[in-house]
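Comments concern the structure below.
The values are calculated or read from the model by the stated rules, or taken from the named source; none is laboratory data. Keep in mind that what you see is a predicted model, and the values were worked out from it rather than measured. No Cβ is skipped: glycine too gets one built from the backbone with ideal geometry, and neighbour counts run over all protein chains shown.
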């Protein structure tokens, strides 16, 4: 019984290693980036990107409208951090 249990645990250990992805690094323009080779043999470069916010410039009819917008934006930043 011990031998069967040991054999099952060993088989599970090796089978989980077979489905893992290898993670190595490649140098591009002097910087190191990790890459992953998946099961199909495809190479995927993993890069961390900064957040980007894209919006148009806001135009206001008057300075009071602009100040009201800034005030409500400040209120929203307090409520939804």
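Has the range 18-38 got any residue that is surrounded by fewer than 10 Cβ atoms within 10 Å (Cβ to Cβ), out of contact with any helix residue (DSSP H, G or I) (no Cβ under 7 Å at 6 or more places or on another chain), at pLDDT 85 or above and in a helix (DSSP H, G or I)? Within the range 18-38 (the criterion being surrounded by fewer than 10 Cβ atoms within 10 Å (Cβ to Cβ), out of contact with any helix residue (DSSP H, G or I) (no Cβ under 7 Å at 6 or more places or on another chain), at pLDDT 85 or above and in a helix (DSSP H, G or I)), the answer is no, since none of the residues qualifies. Whenever a residue of the range 44-69 is touching a residue at least 12 places away in the same chain (Cβ under 8 Å), its partners that are outside any helix (DSSP H, G or I) and surrounded by 10 or more Cβ atoms within 10 Å (Cβ to Cβ), lying with C-beta atoms within less than 6 angstrom and at least six residues away or across chains, give the pairs 45/33; 45/35; 46/34; 47/33.
Hey, does the range 50-58 have a residue that's part of a strand (DSSP E or B) and modelled with pLDDT under 90?
no
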